Structure formats: C-alpha cells, structure tokens
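The structure appears below as structure tokens.
Coordinate-derived values only; no laboratory data. These figures come from a predicted structure and were not determined experimentally. Cβ: placed from backbone, ideal geometry, glycine included. Neighbour counts: every protein chain shown.
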Amino acid sequence: MRINPYFAPQQTSETRRSQPNSTVNTSSARLGPQSDEAQLSGTHVQVQALAAQASQLPEVRQAKVQALRAAVQGGQYSLDPSNIARGMMAEITFSRHA
C-alpha cells in the first residue's frame, strides 16, 4: 500500500461513530463514576468444603481394583456379553435423551 503524504486521511464510518456527538446530553457525566457491586452467596463456602473433602478421598478404590485384578488373573472373572450389550444400549438411550 502506498501512502501519499499530500492527501489527508479519509474518515471511515467507524471513525465518524467514535467522535463525540455535540447534541448528546452530558449531564450523566457530571454525576461522577458509578461503582459496580457484587454479592456472593454462602454457597461458595459449601463448595470449598466439599472440594476439600473430595481431595482427601483416594482417586482409585485400591481394594476393589486389587480384587478385580486377582479375579481376572485367576480366571474367575467372566464377562456376560448380553449384560454388556444391555449396558451399552442403556447408555446410548440415556445420552440421546439428556
């Protein structure tokens, strides 16, 4: 793009909009800045307490994992394909209605 120093820049519609309008009522500007207020409910304290409790719980139930691992390794754990299919269909049906 070539800039010509002999011509003044043209105003676009955006620059015209940003210029103050002399007919606007400025009485609200004389009132001074207004402050915003926010009020928090007591719920955030409960959420923080629950989060602290949850962080103390183990992420994995080790006893259950160990029992399952032993059953799989010992050959006592068997899968029922019809139960798996029912669970998958229930999940699909539930996720469509949610």
Exercise for review: Determine the gain in length on full extension of the stretch S35-M89; use 0.36 nm per residue of separation and subtract their C-alpha separation, reporting nm with one decimal.
Suggested key: 14.0 nm
Check your understanding: Any idea how far apart Q48 and Q76 come out in nm if each label point goes 7 Å out from Cα toward Cβ?
Key -> 4.7
